[in-house]
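Just so you know, all these numbers are worked out from the coordinates, no wet-lab data involved. Model, not experiment: these values are computed from the prediction. A quick note on method: Cβ atoms are made from the backbone with ideal geometry, for glycine too, and the neighbour counts reach across all protein chains shown.
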Ligand SMILES: [Mn+2]
C-alpha cells in the first residue's frame, strides 16, 4: 500500500526496535540510506540496526557506522517492530526479509520499477536517491541530521547522481546536498573515497575495456565477461562510466559471469528506457540505469540481451 511521507514518519515514530536493510550488491545509496537513517533513529533513542546480506565494498569504510552493518546468520530469526527496506523492493534483500519477523514492513524507494509488494510503501521516483528521501523523512519526523547521518546521506546522493552529473540531478537534489554540506560533510573526502581503486582493480578495468565491442552502428558499447575473464575482472565498478564517454553511444552495458549459466547485466543509457529492457528479464532500475540477471549459457545470454537492446533502440 502506498503511503505518504507523514504516514512513513509515523510508522517510524511508533516503532522501538527497527531493522534496516537494502539490496545485495550494495552501492552508495543502499549503504548510505540505511546507515543514515540508523544514525538518526539511534539519536532519538530507538534500537536500530542495519542488516545487509552481502560483502560491503571497501570504499564505504569512510562512512560512520560501517562496522555496525550485520549479515544475517543462516537459520537465525530476527525480531523487530518495524523492518525498513531501503532503495529496493522486498524481494532483493537476499536472506534479510525472509529472516526477519517484523510487526510491520515499510519500504522506502525511488525506483520507478518497484513492484509495490510491501505492506507500506513510500515511493518517490522523482528523487535521485533514496538518501534524498531520507533527508525529507527525517525532517518530516521533526528531527535534525547529525554529521554522521549527513555523511552517509550525502554519499548516497553523490553516488546515485554520478556526483551531480546524471540527468536525475534536480534543484531539490542540489539543495539537499547543500544542506548536508552545511552540516559539515566534506564533499572532497567522499569523492576521493568513492573513486579509490586498488592497482588490481585498475588493471581489471583495463582488461575489461580491452574486450569492448560496438553494436548498432556505434550506438551500443558492450563488454562481455565470461567465466574465464571474470576471474581476472573482479570488479566492474566504474566500468560503465568509462564506456559512456564514447561518442555516439546511446546504451552502454556489460554482461558478467556470476555462476554457471548465470550472467549479470548492467546498463546505462542517454535516454532509451533501459529499465524496460531489464524488466523483460525480471530485473529493474531507472530509465537511464538498470540491471538484470540472465539464466542461460554465455552465447545465448549474449544473444538475448543484444536482441532486447536492439529492439528497444529501434522502437
Ligand atoms: Mn538508489
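Worth pointing out:
- Gaussian network model of the chain, Cα within-10 Å springs - most flexible of 157, 66, 19: 66
- Highest-fluctuation residue, 28, 75, 291 considered, GNM on the chain with Cα pairs under 10 Å: 75
- Extension gain, residue 311 to residue 210, is 33.7 nm, computed as 0.36 nm per intervening residue step minus the present C-alpha separation.
- For 286, 172, the sequence from fewest to most other C-beta atoms within 10 Å is 172, 286.
- Ranked list, fewest to most other Cβ atoms within 10 Å of each Cβ, for 175, 23, 111: 175, 111, 23
- Springs between Cα atoms under 10 Å define the GNM used for the chain, and in it the highest mean-square fluctuation of 267, 38, 174 occurs at 174.
- Each DSSP beta bridge with both residues in region 156-278 is either parallel or antiparallel, and the antiparallel ones are about 65%.
- Point-to-point label distance, residue 293-residue 259, nm (Cα→Cβ direction, 7 Å offset): 0.7 nm
- For the chain, the longest principal axis of the C-alpha atoms and the axis of helix 5-14 are separated by about 60°.
- Where only DSSP H runs of four or more residues are counted, the chain gives -11500 deg cm²/dmol as its mean residue ellipticity at 222 nm, each run worth -39500 (n - 2.57).
- Relative to the longest principal axis of the Cα atoms of the chain, the long axis of helix 298-313 lies at roughly 80 degrees.
- Cβ crowding within 10 Å, taken as a proxy for footprinting-reagent exposure, orders 280, 236, 155 from fewest neighbours to most as 280, 236, 155.
- Per residue, the convex hull spanned by the alpha carbons of region 5-195 comes to 103 Å³.
- Distance between the C-alpha centres of region 252-291 and region 16-76: 25 Å, rounded to the whole angstrom.
- DSSP beta bridges in the chain [antiparallel fraction, %, rounded to 5]: 40 percent
- The C-alpha atoms of the chain define a longest principal axis, and helix 130-140 lies at about 20 degrees to it.
- Three-way shape call for region 138-194 based on the alpha-carbon gyration tensor, with the a/c threshold at 1.5: oblate
- Label zone (residue 232, point 7 Å along Cα-to-C-beta; backbone nitrogen cut-off 13 Å) within region 186-206: 203-206.
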